Amino acid sequence: MLDDLALRAELAGLDASAPPQQADIDGWLIRLSPGKAKRSRCINALREGTLPLDDLLARCQQAYDAAGLPLAIRVTPWSQPADLDAHLAAKGWGVFDAADVMVLDTLTPEPAPVALQTLAAAAYAATIGALRGSSPTAIAAQAERIANAPVTYQGFALSDTDGKLLACGQMVVDGDIVGLYDIASAVERQGHGERLCRALLALAHAQGARQAYLQVGSDNEPAKRLYTRMGFVFAYRYHYRSPERELT
């Protein structure tokens with residue numbers, strides 16, 4: 001069932017994005033990485049605890065203030081309490097960075113269309129960071145996170161015959177499901193992103209993956225068309241809310 005695969009993708013994504021700096025507060029998973037990825041510096045409201053919502057939010061605010069980070073909550077179809085989004089909206093918390101999770105129910109074996117270069121955590125963080133204009137702090141935080149993740153990240157670069165970077169991306173194989181992350185093209189509109197993704201999926205299948213998921217900005221229509229062409233379908237949408245202005 002698609003709903004089952006959606007939940008599997010959500011749980012696998014939580015494992016894949018776990019930073020060293022995380023803790024549980026009354027059933028909520030708080031993440032305090034100083035990196036660029038919002039999913040690693042936000043709250044995931046996994047369970048409804050015993051504290052009144054305002055008290056729980058106050059405790060979370062203290063933790064984020066102590067870490068020098070803005071408070072943000074990632075709201076998914078599984079967030080608890082079930083009316084959390086409505087409560088935050090009533091408080092005037094802004095909503096931003098909606099993302100679609102897309103899934104591929106059946107990963108079929110295909111020969112890898114291109115050869116990929118394996119990148120260690122630090123090299124990968126530096127490569128994707130340079131493409132995105134990330135700060136040195138964010139690059140170091142990503143390198144730390146992917147090097148210490150509970151499931152193994154595998155970072156790759158696609159280059160031309162002269163060694164020029166064309167695209168890069170990561171995959172996380174978690175049992176029989178694979179997540180694609182940080183897919184980025186250094187040369188736009190040349191099909192390099194698709195070739196990279198197809199090569200990652202072929203490699204993941206060889207490692208035992210039979211289903212796949214990825215996350216893409218809800219307003220990124222070109223990327224969603226690409227993934228649809230590859231067989232991915234929409235599973236669910238999440239967004240962030242924060243009492244502060246939109247996070248960068």
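Just to verify a result, which residue in region 146-166, among those that are under 18 Å from the mean Cα position of the chain (by Cα) and part of a loop (DSSP other than H, G, I, E, B), is surrounded by the fewest Cβ atoms within 10 Å (Cβ to Cβ)? Ranking the qualifying residues of region 146-166, first place goes to P150. When the residues of region 5-25 are filtered to those that are of a type in the set (A, V, I, L, M, F, W, C), touching a residue at least 60 places away in the same chain (Cβ under 8 Å) and out of contact with any Pro (no Cβ under 7 Å at 6 or more places or on another chain), which remaining residue is farthest from C42 (Cα to Cα)? Among those that are of a type in the set (A, V, I, L, M, F, W, C), touching a residue at least 60 places away in the same chain (Cβ under 8 Å) and out of contact with any Pro (no Cβ under 7 Å at 6 or more places or on another chain), it is L5.
Please tell me if L57 is more than 19 Å from the chain's Cα centre (by Cα), among the hydrophobic types (A, V, I, L, M, F, W, C), farther than 29 Å from V233 by Cα and surrounded by fewer than 19 Cβ atoms within 10 Å (Cβ to Cβ). No; evaluated as a whole, the condition is false for this residue.
When the criteria are applied in full, G169 meets the requirement of being buried (at least 22 other Cβ atoms within 10 Å of the Cβ) and without any contact (Cβ under 8 Å) to a residue 40 or more places away in the chain.
Residue selection: L14 satisfies the criterion of being among the aliphatic types (A, V, I, L, M) and closer than 30 Å to R132 by Cβ. How do the pairs read when you match residues in region 185-196 that are touching a residue at least 12 places away in the same chain (Cβ under 8 Å) with residues anywhere that are surrounded by 14 or more Cβ atoms within 10 Å (Cβ to Cβ) and part of a helix (DSSP H, G or I), using Cβ under 7 Å and keeping only pairs 6 or more apart or on different chains? Once the first residue is touching a residue at least 12 places away in the same chain (Cβ under 8 Å) and sits in region 185-196, its partners that are surrounded by 14 or more Cβ atoms within 10 Å (Cβ to Cβ) and part of a helix (DSSP H, G or I) give S185/H192; S185/G193; A186/L131; G193/L226; E194/L226.
Rule-based calculations on the coordinates, nothing more; no lab input. Just so it is clear, the model here is predicted, and its values are computed rather than measured. Cβ coordinates were reconstructed from backbone atoms using ideal geometry, including for glycine residues, and neighbour counts include every protein chain displayed.
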